[in-house]
Structures are given as C-alpha cells and as structure tokens.
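The values are calculated or read from the model by the stated rules, or taken from the named source; none is laboratory data. Worth saying up front: this structure is predicted, and the values here are computed from it rather than measured. Every residue, glycine among them, receives a Cβ derived from its backbone with ideal geometry; neighbour counts consider all protein chains shown.
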There are 2 protein chains.
Amino acid sequence: MRTIEWKNGAVKTVDQTRLPTRTVYLEMTSCDEVAHAIKTLQVRGAPLLGAAAAYGLALTAYHSKAKSRKQLVEELETSAKVLRETRPTAVNLFWAIERVMKKALEKEDVADAVRAVVEEAEKIAEEDVEVNRRIGKHGATLIEDGDTVLTHCNAGSLATVDYGTALAVLRTAWEDGKKIKVIATETRPLLQGARLTAYELHRDGIPVTLITDSMVGYVLARGFVQKVIVGADRIVRDAVVNKIGTYSVAVLAHEHKAPFYVAAPKSTFDVKRLAKDVVIEERSMSEVVKFGDVQIAPAGVPALNPAFDITPMKYVAGIICEEGVLSPAAFQKLSAS
Amino acid sequence: MRTIEWKNGAVKTVDQTRLPTRTVYLEMTSCDEVAHAIKTLQVRGAPLLGAAAAYGLALTAYHSKAKSRKQLVEELETSAKVLRETRPTAVNLFWAIERVMKKALEKEDVADAVRAVVEEAEKIAEEDVEVNRRIGKHGATLIEDGDTVLTHCNAGSLATVDYGTALAVLRTAWEDGKKIKVIATETRPLLQGARLTAYELHRDGIPVTLITDSMVGYVLARGFVQKVIVGADRIVRDAVVNKIGTYSVAVLAHEHKAPFYVAAPKSTFDVKRLAKDVVIEERSMSEVVKFGDVQIAPAGVPALNPAFDITPMKYVAGIICEEGVLSPAAFQKLSAS
C-alpha cells in the first residue's frame with residue numbers, strides 16, 4: 001500500500017516508530033493528530049511530510065463546520081500554524097501548506113473551498129508518486145550493473161507517499177535487471193536505516209547489508225562501495241540538508257572518489273536560501289543517552305542531538321530530481337531564474 | 001581501584017559489559033576464565049589485554065601441580081595458545097605472553113619459574129600504570145586551556161590497568177588546571193564510548209558530552225572540536241589499527257584541520273608489520289542487528305561487524321607514547337632500528 005492514504009475524511013498511515021518488528025496503522029481524523037504523528041516521527045521523511053501536512057489541512061477542511069470561506073480559512077490558518085511548528089527543517093512541509101492554502105483562497109464558496117483543499121492534498125500525494133517514479137528513472141542511468149551503493153537513513157517508500165527518492169533509484173535499477181547490492185547505515189539515534197531501509201529493501205528482494213554509522217569509512221576504504229545515494233530534507237543554494245551523519249558520509253565518499261548523489265523532488269529545493277539560513281532541529285538528548293527504553297550512558301551525562309547536518313555542494317556529484325540529474329552548478333542556476 | 005588486580009592466586013576485574021548501570025566484579029582463578037572474559041569483552045582495551053593475558057598465565061603457573069619446569073612450560077604453552085586465540089588484533093596480548101614465557105624459560109627450578117611468571121605479570125601491570133602516567137604527561141603538552149577534545153571508543157583507565165592512554169592525556173591536562181571539555185562518540189556497536197568513556201570522565205568531573213558516531217562530521221564542521229585523541233590496538237609501520245570508526249573520525253578531523261593524535265604504550269607498536277599483515281577481527285552480526293537483546297533490523301538482513309579499522313599514517317598528527325610525542329616519520333624510523 002501507499003505510506004499515506006485518504007479515505008472518507010480519515011488519513012491512514014503506518015506507524016514508522018514500530019517497524020520493523022510490528023506493523024501498526026494509524027487512522028487520523030484531525031490535523032492535531034497528524035501534527036502529533038509528525039512530531040513523534042510516526043510519520044517522517046521529507047516528501048511524506050509534505051503529503052501529511054496537506055492531508056492534515058484536508059482533515060480540518062473536511063470536518064469543518066465553517067459557515068463562510070473566511071471562517072474556513074481561519075481554521076486552516078490555525079491548523080497550518082500547528083503543522084509549521086512540528087518540525088522546522090524539511091521544506092516540503094511548508095511548501096505543501098502553501099499550495100493548499102492558496103487553493104482555499106481561490107474559492108468564494110465554503111463548500112468549493114473544502115473540496116479544493118481536499119483535492120489539492122490528493123493531488124500532492126498523487127504527484128509525489130509520479131515524481132518519485134521519474135526520479136527513479138533518471139537516477140537509474142547512473143547505476144551500473146554490479147554496483148554496490150551505500151545509503152544513509154531512509155529515503156524509501158516510507159519517506160514518501162510511495163516508491164521513495166534514493167531508494168526509487170535503486171528500485172528502478174533493480175527492476176531494470178541490474179544486479180546491485182545495497183549497504184545501509186543503521187542511522188543512529190533513531191535507526192531509520194536498520195529499521196526502515198533494511199526492511200523495505202529486504203521485502204523487495206534487493207540484497208542489503210547493514211552497517212553501523214561508524215563503518216562507512218571502512219567499507220569505502222575496502223573498496224566495497226561504488227556510489228552513495230541519499231535523500232534530502234532541504235536543498236539550499238550552497239548545501240544539502242539531510243539526516244545527521246550525511247555530511248560525514250559525503251566527506252568519506254569524497255575522500256574515496258565514490259560519487260555522492262542526492263535524490264529529491266523539486267519540492268525539497270529552497271534555492272533562495274543558504275545553509276546559514278536553515279534551522280537545524282535539535283531533538284531530545286534522551287534519544288542519544290537511551291536506546292529505546294534502555295539507558296546506555298551514565299545518568300547526568302549530556303548529549304547533542306541535531307536531527308540534520310549540512311553537506312556543502314562541493315561534496316555533491318549530482319542532484320537527482322524529477323527533471324533529471326542536475327550538477328550542483330546547474331542547480332545553483334535555478335536560483336537565478 | 002585498578003581495573004585488574006592479583007591477590008593470592010585470583011585475578012579480580014570489573015565486568016565491562018555491565019557498566020555503567022551495574023558494577024559487577026569477576027574473580028577468576030584459571031586462565032580459561034580469563035580467556036573467556038577476553039572473548040566476551042568483559043575485559044577489553046589493548047593495554048589491559050596485555051596485563052590480563054599475563055595474569056592468565058600467572059594463574060596457570062600459581063595453581064600448577066607440575067613437577068618439573070618442562071611440565072610447567074607445557075602447561076603455560078597450552079594456556080598461551082588459548083589466550084592467543086581469543087582476539088587477534090590487539091598486539092599487547094601477544095607481547096605480554098612472550099614476555100612471561102621468556103621468564104619461565106629462564107629458570108631451571110619449577111618453583112622459581114612459577115615465581116618468575118607471577119612476578120612478571122605483576123611487573124607488566126605495574127609498568128602499565130607508570131607508562132600511562134608518562135603518556136599523560138607527554139600528551140598534556142599538546143592540550144591547551146579551553147580545548148574541546150573528541151575521543152572515540154574507550155582508551156581510559158578501563159582499557160588499561162589504570163589511568164588510560166588517550167584519557168590519561170585528558171586527565172593530566174585537567175589535573176594541570178586546563179579547562180577542557182570532551183566529546184565522546186558512543187561507539188557502536190558495543191557503545192564503549194557511551195558506557196565506559198562517559199562513565200569515567202563524568203565520575204572524574206571532567207565535562208563530557210555524548211554524541212552518536214554519525215555526529216562527528218557535524219561537531220567538526222561547527223568548530224566544536226579542536227583536537228582528536230584516540231587509543232590504538234596495534235600501530236604498524238604505515239597505519240594505526242583501532243576500534244571500528246576511528247578511520248572515519250581521522251578523515252573528518254583531517255578535512256577540518258583538527259590534529260588527530262594516537263596515545264598508546266610502546267607495547268602496542270608492531271613496527272615490523274604493515275597494515276596489510278593485520279588480521280581484523282570480524283565479530284558476530286548479532287551485535288549490529290540487535291541492540292542488547294532487542295532486534296533492530298528485520299530478521300534475515302545480514303550485517304558487517306569488523307571490530308577495528310585501519311587509519312593510514314597520513315591522517316596522524318602524532319603518536320603519544322611513554323617516551324614522548326612521535327611524528328609518524330619518527331615512529332617509522334623505529335622500524336629501521
């Protein structure tokens with residue numbers, strides 16, 4: 001199934017904090033529930049956050065008792081505010097809210113506006129799948145038969161509505177008959193690589209081997225890896241913002257001349273901004289000093305927990321989006337247009 | 001107390017797999033028990049492995065009923081074989097066995113030989129503490145007031161008989177009144193950084209902050225780190241062999257022009273060998289796909305688990321040993337002498 005689905009005023013998604021040991025579905029009927037699921041990472045992945053935010057607004061519209069379009073828009077603004085405060089880094093969330101709000105404002109009649117909001121949310125989700133297919137197709141041209149590709153975190157179908165971004169590239173290469181292998185980093189602290197990427201690839205029959213984040217240098221030095229592909233939470237003019245650890249992977253790939261690719265839809269692009277303008281979400285220390293419920297560090301020892309880091313464009317070999325593979329220079333030209 | 005102690009034919013040590021949540025002591029009276037403790041990492045850390053192996057042989061000698069020196073040496077050879085098969089990478093273990101065996105062979109009388117073996121084991125442990133103090137003193141000259149130093153894994157008192165190697169440097173700097181801070185990587189898969197390094201430093205009142213291994217690039221890029229110091233399991237002519245993840249840290253430090261130092265006693269030096277000659281211990285996949293007892297990856301997904309990696313000398317700013325701080329070139333000259 002799709003990672004997120006709309007049905008008669010309810011949004012259904014899989015709780016990503018429970019995978020891979022349990023498959024638990026969430027049925028949400030209010031935007032507050034969606035915001036909560038985003039905050040707790042039950043729903044995560046930049047493109048999926050876009051679709052989820054849009055569906056959150058659709059829930060507000062669908063269940064609204066507003067008598068006027070003005071009143072509806074006020075309710076939507078309240079919901080949008082709650083959504084914007086969930087997670088600051090992935091730009092897709094803000095992009096989707098803007099798209100949906102614009103549609104609501106285009107209509108005069110309240111019923112028309114409700115319909116437009118729900119339709120726009122559906123459209124964002126539909127487009128995401130289509131866009132991911134195109135990312136997969138463009139990216140697969142970079143992958144050779146026999147390649148071993150390293151990926152960090154989860155940029156798979158679980159990070160999107162379906163098919164994935166980085167993993168779409170690997171899926172397409174595999175479907176094209178290329179005998180690839182994947183090395184997945186476990187991605188501490190929340191183990192999206194071990195729990196989600198390994199799960200998706202293993203389920204699809206694509207050979208995947210798990211490593212700890214500390215083994216990236218080792219596998220590159222041993223010549224085990226030909227290419228690296230990751231997703232992105234935001235691509236600004238001078239850098240890629242993605243899951244903590246991405247920057248380390250990029251530097252190590254660069255040192256070993258393994259091309260480092262970023263796969264992301266254009267909704268992740270934020271070409272007017274620079275790395276210095278991006279707010280990096282700092283999450284609770286408990287994610288680092290505990291492992292699940294088990295305390296691993298002595299009580300009282302503090303930890304850092306930035307959710308993302310910043311990879312300057314000099315480490316990036318190409319950005320794979322729905323329009324093709326862009327060099328960093330070509331990407332930067334978009335900001336001038 | 002010391003990490004390992006001899007008392008009337010018994011060896012006492014703390015079970016390092018239970019820290020920091022529980023402090024459990026092991027009392028061992030046979031070399032087989034020592035070998036088991038080494039294999040299961042209840043006892044770990046290159047210099048400590050040297051002392052533990054020596055004490056293992058001392059237990060065999062002390063409890064032996066051998067009627068001749070020849071018979072004693074045969075028993076010691078059997079014990080040495082068991083010890084040599086525990087862990088292949090740390091050279092201190094082999095060095096200590098050689099030292100002790102040589103002493104046994106120097107004596108004619110069996111009682112003299114027993115005494116010589118026990119004394120040599122005690123001497124190895126005593127010397128380790130003294131050597132670590134000197135490493136601390138030499139290394140502290142490199143540390144400036146206000147520095148934040150990153151360390152990986154545990155090269156502390158728990159990795160040695162007392163005081164540590166990399167952490168000896170930090171302890172001495174702190175005792176000298178330098179206001180330093182330490183960033184400790186958690187060191188997956190077995191979390192020696194979170195469990196042991198954070199524990200030791202926190203106990204001593206030295207400010208320590210925990211990060212995941214994936215955050216090393218981030219903290220360097222943000223300018224949070226001035227220097228890196230790690231221990232070593234073996235230093236060969238062209239490289240440093242140390243805990244998995246060390247190589248990634250070294251490359252990232254190099255990229256950010258943060259000097260990368262290695263602190264280790266000369267018993268860790270293996271100057272006649274090259275990196276290509278070193279056997280890297282591959283441990284059970286279960287340490288990676290599980291976290292403690294909890295399965296984190298889907299069943300059936302394989303993992304890599306090399307316990308060590310190899311850092312070429314070009315990334316090393318200096319080797320801190322009991323005789324001073326050696327440049328890689330000075331270290332390499334030792335191999336010619």
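Go through (1) of a type outside the set (Val, Ile, Thr); (2) under 20 Å from the mean Cα position of the chain (by Cα); (3) surrounded by 24 or more Cβ atoms within 10 Å (Cβ to Cβ) for B:Arg237 and report which single condition fails.
(3) is the only condition that B:Arg237 fails.
When the residues of segment B:251-271 are filtered to those that are within 15 Å of B:Gly318 (Cβ to Cβ) and within 14 Å of chain A (Cβ to nearest Cβ), which remaining residue is nearest to the chain's Cα centre (by Cα)?
B:Phe260
Which residue out of B:Thr187, B:Thr172 is of a type in the set (S, T, N, Q), outside the structural domain of B:Ala51 (by TED's automatic domain parsing) and crowded, with 24+ Cβ neighbours inside 10 Å?
Of B:Thr187, B:Thr172, the one residue that is of a type in the set (S, T, N, Q), outside the structural domain of B:Ala51 (by TED's automatic domain parsing) and crowded, with 24+ Cβ neighbours inside 10 Å is B:Thr187.
Would you mind finding the one in A:Ala317, A:Ala297 that is more than 20 Å from A:Val230 (Cβ to Cβ) and small (Gly, Ala, Ser)?
Result: A:Ala297 is the single residue among A:Ala317, A:Ala297 that is more than 20 Å from A:Val230 (Cβ to Cβ) and small (Gly, Ala, Ser).
Would you check if A:Gly45 is surrounded by 23 or more Cβ atoms within 10 Å (Cβ to Cβ), at positive phi and out of contact with any Pro (no Cβ under 7 Å at 6 or more places or on another chain)?
Yes: the conditions hold for A:Gly45.
For segment A:48-65, give me the residue count where each residue is over 13 Å from A:Ala113 (Cα atoms) and either free of Cβ contacts under 8 Å to residues at least 12 places away in the same chain or surrounded by fewer than 24 Cβ atoms within 10 Å (Cβ to Cβ) (or both).
Total satisfying the criteria: 0.
Output yes when any residue across segment B:215-237 is in contact (Cβ under 8 Å) with a residue 40 or more places away in the chain and in contact with a Gly (Cβ under 6 Å, 6 or more places away or on another chain), and no when none is.
Among the residues of segment B:215-237, not one is in contact (Cβ under 8 Å) with a residue 40 or more places away in the chain and in contact with a Gly (Cβ under 6 Å, 6 or more places away or on another chain), which makes the answer no.
If I filter segment A:228-244 for residues that are assigned to a strand (DSSP E or B), at the interface with chain B (Cβ under 10 Å from one of its Cβ atoms) and of a type in the set (A, V, I, L, M, F, W, C), do I get at least one hit? Break it down stepwise before answering.
Initially, segment A:228-244 is screened for residues assigned to a strand (DSSP E or B), giving A:228-230, A:234-236, A:239-243.
In the following step, the residues that additionally are at the interface with chain B (Cβ under 10 Å from one of its Cβ atoms) were identified as A:243.
When the remaining residues are screened for being of a type in the set (A, V, I, L, M, F, W, C), the result is none.
No: segment A:228-244 contains no residue that is assigned to a strand (DSSP E or B), at the interface with chain B (Cβ under 10 Å from one of its Cβ atoms) and of a type in the set (A, V, I, L, M, F, W, C).
What is the residue count in segment B:280-296 for residues that are in contact (Cβ under 8 Å) with a residue 12 or more places away in the chain, outside any strand (DSSP E or B) and charged (D, E, K, R)?
Adding up the residues that qualify gives 3.
Quick check on segment A:131-151. Is at least one of its residues of a type in the set (Ser, Thr, Tyr) and within 13 Å of the chain's Cα centre (by Cα)?
no
Touching a helix residue (DSSP H, G or I) at 6+ places or on another chain (Cβ under 9 Å) and either at pLDDT below 95 or within 27 Å of B:Val288 (Cα to Cα) (or both): does that describe B:Gly205?
Values: touching a helix residue (DSSP H, G or I) at 6+ places or on another chain (Cβ under 9 Å): yes; either at pLDDT below 95 or within 27 Å of B:Val288 (Cα to Cα) (or both): no.
So B:Gly205 fails the test.
Quick one: in segment B:286-296, which of the residues that are more than 8 Å from every other protein chain (Cβ to nearest Cβ) and modelled with pLDDT of 95 or more is farthest from B:Asp233 (Cα to Cα)?
B:Ser286
Do we find that A:Phe308 is within 18 Å of the chain's Cα centre (by Cα), modelled with pLDDT of 95 or more and closer than 23 Å to A:Lys276 by Cα in this structure?
yes
Could you go through segment A:247-266 and let me know if any residue there is over 20 Å from B:Leu150 (Cα atoms) and of a type in the set (S, T, N, Q).
no
Of the residues B:Ser30, B:Ser64, which single one is under 16 Å from B:Ala111 (Cβ atoms) and either touching a helix residue (DSSP H, G or I) at 6+ places or on another chain (Cβ under 9 Å) or among the small types (Gly, Ala, Ser) (or both)?
Unique residue meeting the criteria: B:Ser64.
Output the residues belonging to segment B:15-52 that are over 13 Å from the mean Cα position of the chain (by Cα) and within 14 Å of chain A (Cβ to nearest Cβ).
B:Thr17, B:Arg18, B:Leu19, B:Pro20, B:Thr21, B:Arg22, B:Thr23
Looking at this structure, is A:Val279 away from every other protein chain (no Cβ under 12 Å), modelled with pLDDT of 95 or more and farther than 30 Å from B:Tyr199 by Cβ?
The answer is no for A:Val279.
Collect the residues in segment A:103-129 that are under 23 Å from the mean Cα position of the chain (by Cα) and free of Cβ contacts under 8 Å to residues at least 40 places away in the same chain, keeping them in residue-number order.
Once the filter is applied, which keeps residues that are under 23 Å from the mean Cα position of the chain (by Cα) and free of Cβ contacts under 8 Å to residues at least 40 places away in the same chain, segment A:103-129 yields A:Glu119, A:Lys123, A:Glu126, A:Glu127.
Can you list the helices (runs of 4 or more DSSP H) found entirely within segment A:130-222 that contain at least 2 residues being away from chain B (no Cβ under 14 Å)?
Numbers: elements: A:166-175, A:198-203, A:216-221.
Filter on segment A:130-222 gives A:166-175.
If B:Gln332 satisfies all but one of (1) under 21 Å from the mean Cα position of the chain (by Cα); (2) not in a loop (DSSP other than H, G, I, E, B), what's the number of the condition it fails?
(1)
If you take the residues in segment A:297-318 that are in contact with a Leu (Cβ under 7 Å, 6 or more places away or on another chain) and outside any loop (DSSP other than H, G, I, E, B), which one is nearest to the other protein chains (Cβ to nearest Cβ)?
A:Ala303
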